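A short worksheet on the structure shown next.
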Amino acid sequence: MFVYAVVIGTERDAAVAVASVDRAHRTVAGADEVDRQRWVAATLFDSARDAHALFGDPLSADDAERVLAAYAPIATALRVPAEAWFASVAAFDAYWERTLPTLRVTDDARGIVRDLLHPRFAPLWVRAAMPLVRVVTVGMLPEALRRQYGFPWGPRERRRFRRVVRLVRVVRALVPGWALRLPGPLLLRAMHRAAARYAHRT
C-alpha cells in the first residue's frame with residue numbers, strides 16, 4: 001500500500017501513507033536512521049524485481065533501471081536523501097551484496113514482520129489473501145534472513161511455495177489487467193479510512 005500510494009497515488013495519498021509509516025516507527029528504536037530506511041526502500045525494489053521474474057514477467061535491463069528510478073520517491077518519502085538513492089542497478093546490486101551478509105534480525109524486526117503478515121485490522125479481502133501472501137513473502141526471503149526470522153522452510157513449505165507461484169502465474173494470465181490493478185485503489189481507500197479513524201481517536 002505504501003509503494004502504491006507514493007508512486008502512483010496523489011500527493012494526499014502519499015502524505016497519508018508517510019504519516020502512517022511515521023506513526024509505526026515511533027516505537028522502533030533507530031527506525032528513522034537513514035541507512036535503515038535506505039535498506040527498507042532497497043528491499044521494496046528488490047522484491048518488485050524478483051516478483052516480476054518469479055511470476056513470469058522478468059524485467060529487461062532497461063526496465064530494471066526505470067523501475068529503480070521510479071522507486072527513488074519511495075526512498076525520499078522515507079527520509080532518505082535523494083543523493084543516497086542508487087544511480088544504477090549495478091550500484092544497487094553492489095550495495096545489496098555488500099549489505100545482506102551484515103544483517104541481523106532483531107526482536108523488533110520479528111514483531112514488525114509478524115504484524116505485517118497477520119494484519120488484524122486490514123479489510124476482510126486483504127486478510128483472506130494473507131495466507132498466500134505469507135507463503136510468497138517467506139519464499140522470496142534470502143535464506144539467511146528466513147532462517148534468522150525463524151520461518152520453517154522444509155520440503156512441505158517449498159512445495160506449497162511452488163504451488164502458489166504456479167497459481168499466481170495462471171491468475172495473471174487469465175485475469176484482465178483492470179482487475180489485477182483493482183486492489184491498488186481499494187487499498188488506498190482502506191488506508192484513508194484507517195487514517196480517519198486514527199485522527200478521530202486523537
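Just so you know, all these numbers are worked out from the coordinates, no wet-lab data involved. A quick note: this is a predicted structure, and the numbers were derived from the prediction, not measured. FYI the Cβ positions are ideal-geometry reconstructions off the backbone, even for glycines, and counts take in every protein chain you see.
Which residues, counting only those in the range 58-77, are within 17 Å of the chain's Cα centre (by Cα) and either free of Cβ contacts under 8 Å to residues at least 60 places away in the same chain or in a helix (DSSP H, G or I) (or both)? Hits for the range 58-77 are A64, V67, L68, A69, A70, A72, P73, I74, A75, T76, A77. Within the range 131-160, restricting attention to residues that are of a type in the set (V, I, T) and closer than 16 Å to D46 by Cα, which residue is nearest to the chain's Cα centre (by Cα)? Residue satisfying both the conditions and the ranking: T137. State which residue is surrounded by the most Cβ atoms within 10 Å (Cβ to Cβ) when the search covers only the range 139-182 and only residues that are in contact with a helix residue (DSSP H, G or I) (Cβ under 8 Å, 6 or more places away or on another chain) and within 19 Å of V3 (Cα to Cα). Among residues in the range 139-182 that are in contact with a helix residue (DSSP H, G or I) (Cβ under 8 Å, 6 or more places away or on another chain) and within 19 Å of V3 (Cα to Cα), the one surrounded by the most Cβ atoms within 10 Å (Cβ to Cβ) is L141.
Each residue in the range 78-118 was checked for being under 22 Å from A19 (Cβ atoms), assigned to a helix (DSSP H, G or I) and β-branched (V, I, T), and 2 pass.
Residues in the range 30-57 that are part of a loop (DSSP other than H, G, I, E, B) and within 21 Å of D108 (Cβ to Cβ): G30, A31, D32, E33.
Selection of first residues in the range 37-56 that are farther than 10 Å from M140 by Cβ and of second residues that are among the hydroxyl-bearing types (S, T, Y) and outside any helix (DSSP H, G or I), restricted to Cβ pairs under 8 Å at least 6 apart or on distinct chains, gives the following pairs, ordered by first then second residue: A41/Y71; L44/Y71; F45/Y71; A48/Y71.
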